1. Could you give me the residue pairs with C-beta distances under 8 Å whose first residue belongs to the stretch 42-58 and is in contact (Cβ under 8 Å) with a residue 40 or more places away in the chain and surrounded by 15 or more Cβ atoms within 10 Å (Cβ to Cβ), whose second residue is hydrophobic (A, V, I, L, M, F, W, C) and in a helix (DSSP H, G or I) wherever it lies, and which are 6+ apart or on separate chains?
2. May I ask you to list the residues in the stretch 67-79 that are surrounded by 15 or more Cβ atoms within 10 Å (Cβ to Cβ) and over 14 Å from Leu96 (Cβ atoms)?
3. Can you tell me which residue in the stretch 82-106 is nearest to Pro39 (Cα to Cα), limited to those that are in a loop (DSSP other than H, G, I, E, B) and open to solvent by 40 Å² or more (accessible area, probe 1.4 Å)?
4. On the basis of being farther than 14 Å from Phe27 by Cα, surrounded by 17 or more Cβ atoms within 10 Å (Cβ to Cβ), of a type in the set (S, T, N, Q) and in contact with a strand residue (DSSP E or B) (Cβ under 9 Å, 6 or more places away or on another chain), does Ser64 make the cut?
5. Let me confirm something: among Ile22, Ile31, which residue is surrounded by 14 or more Cβ atoms within 10 Å (Cβ to Cβ) and without any contact (Cβ under 8 Å) to a residue 60 or more places away in the chain?
6. For the stretch 1-19, enumerate the residues that are touching a residue at least 24 places away in the same chain (Cβ under 8 Å) and either open to solvent by less than 40 Å² (accessible area, probe 1.4 Å) or in contact with a Ser or Thr (Cβ under 9 Å, 6 or more places away or on another chain) (or both).
7. From the list Pro55, Pro2, Pro39, Pro28, which residue is farther than 14 Å from Ile110 by Cβ and assigned to a loop (DSSP other than H, G, I, E, B)?
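The values are calculated or read from the model by the stated rules, or taken from the named source; none is laboratory data. What you are looking at is a predicted structure, and each value in this text was computed from that prediction instead of being measured. Heads up, the Cβs are rebuilt from the backbone with ideal geometry, glycines too, and the neighbour counts pull from every protein chain shown. Surface accessibility is based on the protein's heavy atoms, side chains included, excluding ligands, DNA and RNA. Shrake-Rupley method; radii C 1.70, N 1.55, O 1.52, S 1.80 Å.
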Amino acid sequence: MPIYRIIVDLTQRMLYLLDNDIVIRGFPVGIGKMLTQSPLGEFTIINKQPDPGGPFGVFWMGLSKPHYGIHGNNDPSSIGHEVSHGCIRMYNEDVLALAAIVPIGTRVTIRN
């Protein structure tokens, strides 16, 4: 049985999906800008919402830190940059692939 967790490396601007502590996928991400940096620490995915509307692209996965999540976006050129209000932005196709794999309750570590 897979044991998934996510590590977001802010320095690399990458999100890594691990199964039993082995990296199985890597995705480029956009992260929080200087004044609204992405929060560091340990979180869990607490909800999943397809088609959330607004700037969140095709999918939203809410984190246990209120108002923060991993989501798609409507501006693909923002990926790889410090652009968000702290959320982790992904390409829409990437967030769909990730959301199809990880269940609610998945651990998410955000680190520098």
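1. Once the first residue is in contact (Cβ under 8 Å) with a residue 40 or more places away in the chain and surrounded by 15 or more Cβ atoms within 10 Å (Cβ to Cβ) and sits in the stretch 42-58, its partners that are hydrophobic (A, V, I, L, M, F, W, C) and in a helix (DSSP H, G or I) give Lys48/Ala99.
2. Tyr68, Gly69, Ser78, Ile79 - these are the residues of the stretch 67-79 that are surrounded by 15 or more Cβ atoms within 10 Å (Cβ to Cβ) and over 14 Å from Leu96 (Cβ atoms).
3. Per the stated criteria, the residue is His85.
4. Numbers: farther than 14 Å from Phe27 by Cα: yes; surrounded by 17 or more Cβ atoms within 10 Å (Cβ to Cβ): no; of a type in the set (S, T, N, Q): yes; in contact with a strand residue (DSSP E or B) (Cβ under 9 Å, 6 or more places away or on another chain): yes.
Spelling it out, it is not the case that Ser64 is farther than 14 Å from Phe27 by Cα, surrounded by 17 or more Cβ atoms within 10 Å (Cβ to Cβ), of a type in the set (S, T, N, Q) and in contact with a strand residue (DSSP E or B) (Cβ under 9 Å, 6 or more places away or on another chain).
5. Ile31
6. Listed by number, the residues that qualify are Tyr4, Arg5, Ile6, Ile7, Val8, Asp9, Leu10, Leu15, Leu17.
7. From the options Pro55, Pro2, Pro39, Pro28, the qualifying one is Pro2.
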